[in-house]
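Student: Structure provided below as structure tokens; questions to follow.
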Amino acid sequence: MIPDDLQQLFVEEATDLLRDFEEGVLELEQASDSVEALNRVFRAAHTLKGASGMLGFTDIARFTHFLETLLLRLRKRELTVSVGVVEYLLRASDLLRRLVDGAREGRAVPADDVADMEAAGRVYTRGATPPDAPGAAPAAEPALAEAGRETHYVVRFHPPDDLLLRGLDPLRLLDALESVGTLLEVEVDTSRLPALADMDPERTYFGFTCRLATARPVASIEACFDVVGGRDGARDRGHLAELVVDRGLG
Amino acid sequence: MSARILVVEDSRVMRQMVRTALEPDGYDLHEREDGRQALDAIPSVAPALVITDVNMPEMDGLSLVRAIRTLAPFRFVPVLVLTTESGDDMKRAGRAAGATGWIVKPFDPNQLREVVARVLRARAARR
């Protein structure tokens, strides 16, 4: 349940953003190569995606995510601003307005309307990679929560200080973790950092606490640290990372 | 004295969500709407932590992180990046810019509280 004042703030902000979106599209219609206009449209869609996702208006969040994919193609010049694109974006804006009205009045817009609009836009996004992998599902998103066999892990990783001398880079281990799932958060532990005068530039002092969302088995996470094996692989690995199964987001 | 946190977000909804999550923990929250405003405010606000959005008008979040890292008295201030983009490119870019960590939107308010507390604790421990 969203508090009334927050819902009102959302509707106000969304209304401003949709005005920006529409004005930007109309600017693009006049000057199809205007980077400024395209940025304005993109930022409006992006901000609306963030705010709607935060409040659990998942239909708006998903549709703006889709629009972002299309707009990114325009940005990368994989797609040109045609009459068809402008017309589509204006129709999309009308739909967003209905969705925001729906959010204000607490009634849903038929899911088919959103699905149809997405289907109509897919001609412009075909072959595009989405702007990012879907982020953490908000708590109030039952569809995703139910479907997700994803588990959240906290991986605490404090590399031995001679890691660099062994030709390894702690940041590469983070990259390896990223290949297993989605790193929701990485926190750097600087508590072992010595005074500057005592610091050896060839040693590592940082530790990392990572929050990882993945559907892969624990062994896949552990495998990321196998690379650090060395003389006493098993002991080292245990020393390197501590794995904690985190609570889910539900 | 409660830790001062500078929140940089162009979305009023998002600023309010951050405020709602962190205010009960007694932080002294300051808000700015884009990177340029934040950079101007940093010397007077002197935050213990900066939480910034990425995609903003005027100056984006990553440019802000880079700029903070060149400000002699504030270059070691932790900066958490609040982003809807969870892709590898984004993380690499954040890391390269000097961000302390990132939080993916939509965020779980408790998760944000924990991360903020941990980052501030780590900072206190270093001093």
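The values are calculated or read from the model by the stated rules, or taken from the named source; none is laboratory data. The shown structure was predicted, so the numbers you read here are calculated from the model rather than taken from an experiment. Note that we place each Cβ from the backbone using ideal geometry, even for glycine, and neighbour counts take in every protein chain shown.
Student: Would you mind finding the one in A:Thr69, A:Thr64 that is farther than 17 Å from A:Leu17 by Cα and among the β-branched types (Val, Ile, Thr)?
Tutor: Working: A:Thr64 fails: farther than 17 Å from A:Leu17 by Cα.
The match here is A:Thr69.
Student: Can A:Arg43 be described as out of contact with any helix residue (DSSP H, G or I) (no Cβ under 7 Å at 6 or more places or on another chain), of a type in the set (D, E, K, R) and crowded, with 16+ Cβ neighbours inside 10 Å? Lay out the reasoning, then the answer.
Tutor: Numbers: out of contact with any helix residue (DSSP H, G or I) (no Cβ under 7 Å at 6 or more places or on another chain): yes; of a type in the set (D, E, K, R): yes; crowded, with 16+ Cβ neighbours inside 10 Å: yes.
Spelling it out, A:Arg43 is indeed out of contact with any helix residue (DSSP H, G or I) (no Cβ under 7 Å at 6 or more places or on another chain), of a type in the set (D, E, K, R) and crowded, with 16+ Cβ neighbours inside 10 Å.
Student: Please go through the stretch B:97-111 and pick out each residue that is under 16 Å from A:Leu183 (Cβ atoms), assigned to a helix (DSSP H, G or I) and in contact (Cβ under 8 Å) with a residue 24 or more places away in the chain.
Tutor: none
Student: Any residue that is away from chain A (no Cβ under 14 Å) and within 23 Å of A:Arg43 (Cα to Cα) - is there at least one of those in the stretch B:70-83?
Tutor: Looking through the stretch B:70-83, none of the residues is away from chain A (no Cβ under 14 Å) and within 23 Å of A:Arg43 (Cα to Cα).
Student: Test each condition in (1) assigned to a loop (DSSP other than H, G, I, E, B); (2) closer than 23 Å to A:Cys210 by Cβ; (3) not charged (D, E, K, R) for B:Met90 and report the one that comes out false.
Tutor: (1)
Student: Right, here's the next one. Specify which of the listed residues (B:Thr20, B:Thr52, B:Thr84) is under 19 Å from B:Arg95 (Cα atoms), of a type outside the set (A, V, I, L, M, F, W, C) and more than 12 Å from the chain's Cα centre (by Cα).
Tutor: Numbers: B:Thr20 fails: under 19 Å from B:Arg95 (Cα atoms); B:Thr52 fails: more than 12 Å from the chain's Cα centre (by Cα).
Of B:Thr20, B:Thr52, B:Thr84, the one residue that is under 19 Å from B:Arg95 (Cα atoms), of a type outside the set (A, V, I, L, M, F, W, C) and more than 12 Å from the chain's Cα centre (by Cα) is B:Thr84.
Student: Moving to a separate point now. How about the stretch B:27-42: which of its residues are in contact (Cβ under 8 Å) with a residue 24 or more places away in the chain and either buried (at least 22 other Cβ atoms within 10 Å of the Cβ) or more than 19 Å from A:Arg43 (Cα to Cα) (or both)?
Tutor: Passing the criteria: B:Tyr27, B:Asp28, B:Leu29, B:His30, B:Glu31, B:Arg32, B:Gly35, B:Ala38, B:Leu39, B:Ala41, B:Ile42.
Student: Looking only at the stretch B:86-111, how many residues end up being more than 7 Å from chain A (Cβ to nearest Cβ) and either small (Gly, Ala, Ser) or over 23 Å from B:Ile68 (Cβ atoms) (or both)?
Tutor: 9
Quick grid of which residues meet (1) within 13 Å of chain B (Cβ to nearest Cβ); (2) touching a helix residue (DSSP H, G or I) at 6+ places or on another chain (Cβ under 9 Å); (3) at pLDDT 95 or above:
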| position | (1), (2), (3) |
| --- | --- |
| A:Gly24 | yes, yes, yes |
| A:Ser32 | no, yes, no |
| A:Gly50 | yes, yes, no |
| A:Gly56 | yes, no, no |
| A:Thr64 | yes, yes, yes |
| A:Leu72 | yes, yes, no |
| A:Thr80 | no, yes, no |
| A:Val83 | no, yes, no |
| A:Leu89 | no, yes, yes |
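Student: Condition first: among the charged types (D, E, K, R), at the interface with another protein chain (Cβ under 9 Å from one of its Cβ atoms) and more than 10 Å from B:Gln16 (Cβ to Cβ). Now tell me which residues in the stretch A:2-15 satisfy that.
Tutor: A:Glu12
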